[in-house]
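Rule-based calculations on the coordinates, nothing more; no lab input. Owing to the predicted nature of the structure, the values given are computational and were not obtained by experimental measurement. Every residue, glycine among them, receives a Cβ derived from its backbone with ideal geometry; neighbour counts consider all protein chains shown.
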Amino acid sequence: MGGSSLSPGWSAPGLPRHGLPPRHFDLLAGGGAGRAVVAHLWDSERSHRLVLLGLLIGTASRRPDATGPLSGIEAAWDLLIAAERQSAAIADDILLLPETGHWLRHCLGRLQSPGSGREPGDPPLWADVGHLHLLAAVAAMRTGLPFRLTVPVRAGRVWFPTLGCAVLPTQAGVWRTAEAAFTSPTLTVTPSGTASAGHDPVRIERPFAEPSSHWQIPHVLSLDLPDGPRRVMLHELGPYRMRGRAWDDPDRAGGPAAAPAVHRWTDLLQRAWPLLARVDPSGAEDVTACLRSIEPLPAARPFRWHSATMEDGMGGMAASEPSGTEPAAAAQFAAVLTHEAQHSKLSALLHMYSLHTPDVTRRFQVPWRDDPRPLRGVLHGVYAFTGVARFWRGHLLNGCPQDEEPLAAFEFALRRRQLLCVLPSLEQEPELTALGRRLVGRLLETVEEWQEEPVLPEPLAWAELAVDDHGLSWRSHHLVPDPDLVADLVQEWGDGRADAATPEGAWRYPRPRLVPDLAVRHLDARAVLMRMRLAPATAALVRDADDLGDLVLGARPADVELLDGRPAAAQRLYAAEIRAHSDAGPAPGTVWAGLAWTLRGCRDHEAAARALAVCPELVRHVYASVNLKSANAPDPVAVAGWLGRTVAVPR
């Protein structure tokens, strides 16, 4: 065959520069794409990974500790080149595996920052670099080339990406090597040195599809979809995953999923994918063009489906394993598929273009995360949730089952309002480049087209409440008021001057500081309860729950009273919990936010409602200090009302 794009004389200037035609950029920027645009992204991603691979090989070849007891870098590199000359398609398939992208970034980070960030139990550098040898071995086996290489053994196992995992009779927990040899049709894996004493080599016959006690194979989900068959790998083996460290721990490493779980995954995708294609053809086309593998995560509680995408792992996603009991599971997972495909698309775009300046340090509030986010994370969020909102809108407009309509309406209204809270101000951020501003502007145009679309009244009201509720809870935890002002106010309350006729607005409220509360969790608890109340299958679970906080992490009985329309009962419960935190620090911000909602529209507590709506962090911190110094816990509503009258806060 001709020359290889992976040839030893390759250098970065020899690769093509990638760009998108303006029309394609605008399609992508608006939240869509399509097969042709995603094909551009894959081409760019291939070049990006070749650049990283060249950097890795060049850096590793100059460091003896990068190969340690393995075969030399050159041996692995030459084998990969030879396989690529046999089949460029197979070489590209291996290069574009999601785990290959994750490994390249992880390994380059170790090579370029020697000694930094390594923790006890982390593998030696050569064990990470040795993944190159395993990729070369797989490329050779898939193209029929014979080889012999020394490869790394992790937790007694050798992972050959896409093919399977050899389980060796070696001492667990010790970093070792093995000799891997292939002469078609047989792969032989032999532990190196004394580890092989008394043990026969592991032998596996091509096509490596038969599992045994010494050979684990990954599950491939075979789907019969309306637009043709699809195959998606369950990425449950190998170290370069979201839960990669578990692979190095023999007690946690596990193995391939059991048959019932594989059946649940297949059934879920078999239902979710056609639904996505019917109600959101654009989203389905992007998922089809992007998705290659799914890493199973532990099953989640209702409406807390966890999913993630690695920025350097285009085409891969991790998601909570289906339990078979999720309400509206097909619709929920169709939204998850869209969400993660959006992340993959934007990650690839960020490898092509700079959408923001490189030295951004500021953190932002977004209504879908517990933590303050960097600008790059905000861009990912608005891009992903635009796709999610588009799916739920399509579901509502294209034959949503009647029992799922309230939930679908809530999801659409929630994501629409969240995006309209973030996008207008984000468009003005000076750290965005011109292309970044163009992307945000196109997303805003997309979402604004949906702004006036009608939604069922109750889901709409709850969606608006959920967004505002999250904002108050977030402020309470992550913003810190001026400590001198807090001290002065606490002193005034302690001196009894709070009972005097203090002039309205006597205290000026300086801008609070952002101090991230790293421990905060579950700011969306009331939103999850709303979803459960809107889905018939889970509404009964809420009514019958003996321990609501176990069913919905972060939820409390007062939340049920609030959502049931009994604000007085909810107010008593929230106030009692706040009082109980006399020496345990401030009560959670979600409790204060709940109290704020019980006071909305109440004329007797207008000042308290105003303070809790505008500066909940001040109320929370002042009350915690007052409570700590008081013999009897004061009424939280009284403290909030006093602050609403005496501190100059906007109306």
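On full extension, the segment bounded by Q86 and S354 gains 92.9 nm, given 0.36 nm per residue less the C-alpha separation.
Which angle between 0 and 90 degrees, to the nearest 10, do you get for helix 525-534 versus the longest principal axis of the chain when only C-alpha atoms count? Roughly 90 degrees between the two axes. Between E452 and C602, take the C-beta separation as r, use R0 = 41 Å, and let me know the FRET efficiency to the nearest 0.05. Working from the Cβ atoms, E equals 0.85.
Relative to the Cα centre, the charge distribution of segment 254-453, modelled as +1 at Lys and Arg Cβ and -1 at Asp and Glu Cβ, gives a dipole magnitude of about 240 debye. Taking each residue as 0.36 nm, the span from L628 to A519 lengthens on full extension beyond its C-alpha to C-alpha distance by 37.1 nm. A Förster distance of 56 Å, applied to the separation of the beta-carbon atoms of D583 and T186, puts the FRET efficiency at 0.20.
Placing R0 at 45 angstrom, the Cβ-Cβ distance between Q402 and R511 gives a FRET efficiency of 0.40 after rounding to 0.05. Think of segment 464-648 as having a plus end and a minus end, set by charges on the Cβ of Lys, Arg, Asp and Glu; of V467, H478, V619, V467 sits farthest toward the positive end of this dipole. The angle separating the long axis of helix 281-290 from the principal Cα axis of greatest extent in the chain is about 40 degrees.
The charge dipole of the chain, taken about the Cα centre with unit charges on the Cβ atoms of Lys, Arg (+1) and Asp, Glu (-1), comes to about 1020 debye, rounded to the nearest 20.
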